[in-house]
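A short worksheet on the structure shown next.
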Amino acid sequence: MTAYGQEKYFYLTLNGNKPLSNTDWIGDFSLSGGRIGYRGFISPNFSAGLDISWMNFDQYEPVNTQQTGSGAITSDYFHYIYSYSAAVSGQYYFKEADEDRLLPYAGLGLGAKTNEYVLYYNIYEDAERTWGFLARPELGVIYRLTEHGSFGIMAAVHYDYSTNKSEKFGYNNFSSLGFQIGIVAVSLY
Amino acid sequence: MKNLIYALTAACLLSWGCQPEPDAAKLIDDMVVSTNYDPEADFDGYLTYAIPTDTIGYISNTSNDTILVSPKSDFPRHVLTAIRQNLDARGYTRVAREEDPDVGINVLVVNDFNVFQEIVYPGYYGYPGNYYPGYWGYGSYYYYPYINTYAYNTGVLIIEMVDLKNRTPDNKVKVVWDAYIGDLYSTIDRLPTSARAIDQAFFQSPYLDKQ
């Protein structure tokens with residue numbers, strides 16, 4: 001077995017998130033998302049890599065009447081956010097990578113996020129796409145299923161903060177708290 | 001085997017994460033009802049109205065028809081009756097066109113026509129311009145003092161209250177209240193849904209009440 005610390009891993013996880021910004025518009029927890037990534041060890045305790053994430057949030061607003069200056073509009077509304085991000089990330093492992101099957105870590109990802117805010121009502125929709133800088137601190141653990149095996153499980157919690165601003169939909173920024181759980185493939189090559 | 005596990009897992013997660021949209025049936029459960037009024041209008045001064053019995057206007061990119069008539073279509077009479085009932089219930093009196101009504105009620109359906117896809121600024125004189133068939137004999141000039149950022153481009157029922165009492169010396173009139181109700185064509189059970197939407201249009205316009 002090659003030392004874990006000399007290797008790399010890929011992961012694919014289910015990504016659940018709860019929005020923390022403008023929760024009146026969407027505050028519901030969502031499990032509709034995922035993340036895929038690559039991380040290579042640059043020392044026994046450090047790795048660096050790339051994370052690609054996607055998330056969908058939605059919330060229903062029952063029929064209501066809103067005043068609009070010199071008038072009013074009545075409808076029900078479906079609020080949606082389609083979110084995609086890419087981040088370069090680094091991780092510090094609290095144990096050396098080949099020391100244990102259980103490998104807790106703390107990491108930080110920096111990158112870009114694009115959010116599309118969409119308001120559906122009847123056959124109509126209003127939408128706005130925004131781009132922002134993303135910072136994502138993360139605490140997680142990797143657990144190898146067997147001592148020398150290539151497969152493992154990853155679980156992590158993370159906080160996403162991005163500068164995606166949408167005046168139209170009332171966002172100064174976008175943040176969420178999430179968790180991810182999925183599979184890890186160690187040293188595929 | 002490993003490849004299979006990866007492929008299945010990836011397919012599962014990717015499909016879970018793909019861009020979902022609202023359920024279409026839930027989306028069209030209720031029509032959108034938008035109303036606007038002219039803040040300068042004196043609604044208390046309008047006592048009588050005129051309205052067609054069985055004809056409404058029709059604007060379409062895909063048809064040369066300019067009107068919908070009952071009994072060829074059951075929609076006009078149904079809609080006009082609902083509007084009449086709402087006006088009567090609010091204290092207005094229906095009179096014939098020749099009896100010099102205070103307001104005229106115009107009703108039209110706009111089908112597949114991108115007339116509302118831009119913001120309509122106060123003082124903008126472009127709408128509805130040539131579209132209007134001129135039921136009332138007062139030409140097609142309308143002052144439209146509202147901002148509307150909603151895009152209507154399929155089937156919209158439009159109800160207009162036109163001030164005939166204060167028309168200008170050169171016979172120009174303006175719309176003092178209007179309602180946009182859509183979408184007409186994706187709605188299931190169009191007649192009762194339209195009637196409910198018309199009730200809602202009046203309900204959310206309390207300044208029209210006389211009692």
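The values are calculated or read from the model by the stated rules, or taken from the named source; none is laboratory data. What you see is a predicted model; the values in this text were computed from it and never measured. Cβ placement follows ideal geometry from the backbone for every residue including glycine, while neighbour counts extend to all protein chains displayed.
For the reader, a short list of remarks on this structure follows.
- With respect to the conditions (1) buried (at least 18 other Cβ atoms within 10 Å of the Cβ); (2) more than 14 Å from chain A (Cβ to nearest Cβ), B:ALA89 falls short on a single one, namely (1).
The rows are residues; the columns are (1) touching a residue at least 60 places away in the same chain (Cβ under 8 Å); (2) touching an Asp or Glu at 6+ places or on another chain (Cβ under 9 Å); (3) under 30 Å from B:THR187 (Cβ atoms); (4) within 14 Å of chain B (Cβ to nearest Cβ).
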position	(1), (2), (3), (4)
A:ALA87	no, yes, no, no
A:ARG101	no, yes, no, no
A:GLY111	yes, yes, no, no
A:THR146	no, no, no, yes
A:GLY152	yes, no, no, yes
A:THR163	no, no, no, no
A:GLN180	yes, yes, no, yes
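- Filter pass, B:ILE51 being within 16 Å of the chain's Cα centre (by Cα) and more than 15 Å from B:VAL156 (Cβ to Cβ): yes
- Some residue of the stretch B:173-184 being over 16 Å from the mean Cα position of the chain (by Cα) and more than 21 Å from B:VAL156 (Cβ to Cβ): yes
- For B:ILE105, the conditions (1) closer than 30 Å to A:ILE123 by Cβ; (2) part of a helix (DSSP H, G or I) all hold with the exception of (2).
- Selection count, the stretch A:24-66, where residues are assigned to a loop (DSSP other than H, G, I, E, B), farther than 16 Å from A:GLN180 by Cα and in contact with a helix residue (DSSP H, G or I) (Cβ under 7 Å, 6 or more places away or on another chain): 1
- Members of the stretch B:74-102 that are of a type in the set (Gly, Ala, Ser) and either out of contact with any strand residue (DSSP E or B) (no Cβ under 9 Å at 6 or more places or on another chain) or under 18 Å from B:ASP209 (Cα atoms) (or both): B:ALA82, B:ALA89, B:GLY91
- Considering (1) among the charged types (D, E, K, R); (2) over 24 Å from A:MET154 (Cβ atoms); (3) more than 9 Å from chain B (Cβ to nearest Cβ), the lone condition that A:LYS8 does not fulfil carries the number (2).
- Scanning the stretch A:153-165 for residues that are surrounded by fewer than 21 Cβ atoms within 10 Å (Cβ to Cβ) and assigned to a strand (DSSP E or B) yields A:ILE153, A:ALA155, A:VAL157, A:TYR159, A:TYR161.
- Matching residues, the stretch A:54-66, being surrounded by fewer than 18 Cβ atoms within 10 Å (Cβ to Cβ) and within 7 Å of chain B (Cβ to nearest Cβ): A:VAL63, A:THR65
- Count of the stretch B:160-186 residues which are within 18 Å of B:ARG77 (Cβ to Cβ) and assigned to a loop (DSSP other than H, G, I, E, B): 1
- Subset tally (residues that are at pLDDT below 90 and assigned to a strand (DSSP E or B)) for the stretch A:122-151: 5
- All positions within the stretch A:67-85 that are surrounded by fewer than 21 Cβ atoms within 10 Å (Cβ to Cβ), closer than 27 Å to A:LEU177 by Cα and within 7 Å of chain B (Cβ to nearest Cβ): A:PHE78
- Residue check, A:VAL88 surrounded by fewer than 16 Cβ atoms within 10 Å (Cβ to Cβ) and either more than 30 Å from B:GLN204 (Cα to Cα) or modelled with pLDDT of 95 or more (or both): yes
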